[in-house]
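What follows is a single structure, written as structure tokens, with notes after it.
The values are calculated or read from the model by the stated rules, or taken from the named source; none is laboratory data. From a predicted model like this one, the values you see are computed outputs, not experimental measurements. Neighbour counts are summed over all protein chains in view; Cβ atoms, including those assigned to glycine, are modelled from backbone coordinates with ideal geometry. With ligands, DNA and RNA removed, areas are computed over all heavy atoms of the protein, side chains included. Shrake-Rupley method; radii C 1.70, N 1.55, O 1.52, S 1.80 Å.
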Amino acid sequence: MTLRDFNGLSNLGKEEVLDLKGTVVSDRVEKGTQIVIFQVDNFYVEVHYDLITDTIRRYNGCVRTDIRYS
């Protein structure tokens, strides 16, 4: 799977890929959001979980290891 393939999936599809193929690389908490970084094949995905509402806010994909946060 490529990053482009992943980005084309629905949120449910992205969740399924991360469950089946993702490996947690790192996680941290910032301002009420838990950010978990997964490696999938040759790319990385940040998943932003809202700790207050217990929902996924967004997925950010990157092919490099130096993911930056805004």
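Rolling a 1.4 Å probe over the protein heavy atoms leaves R58 with an accessible area of roughly 100 Å².
Placing +1 on each Lys and Arg Cβ and -1 on each Asp and Glu Cβ, with no other charges, gives the chain a dipole about its Cα centre of roughly 260 debye. Normalised by the number of residues in the chain, the average gap of Cα pairs under 8 Å and 6 or more apart makes the relative contact order 23 percent. Working note: Karplus 6.51/-1.76/1.60 with θ = phi - 60° gives the range 39-46 the couplings 9, 10, 6, 10, 9, 10, 9, 8 Hz, where Gly and Pro are set to x. When you filter the chymotrypsin sites (Phe, Trp or Tyr not before Pro) in the chain for DSSP loop state and at most 11 other Cβ atoms inside 10 Å of their Cβ, you are left with Y69. Relative to the longest principal axis of the Cα atoms of the chain, the long axis of helix 11-21 makes an angle of roughly 70 degrees. Compactness ratio for the chain: Cα radius of gyration over 2.2 N^0.38 Å (N = residue count) comes to 1.04.
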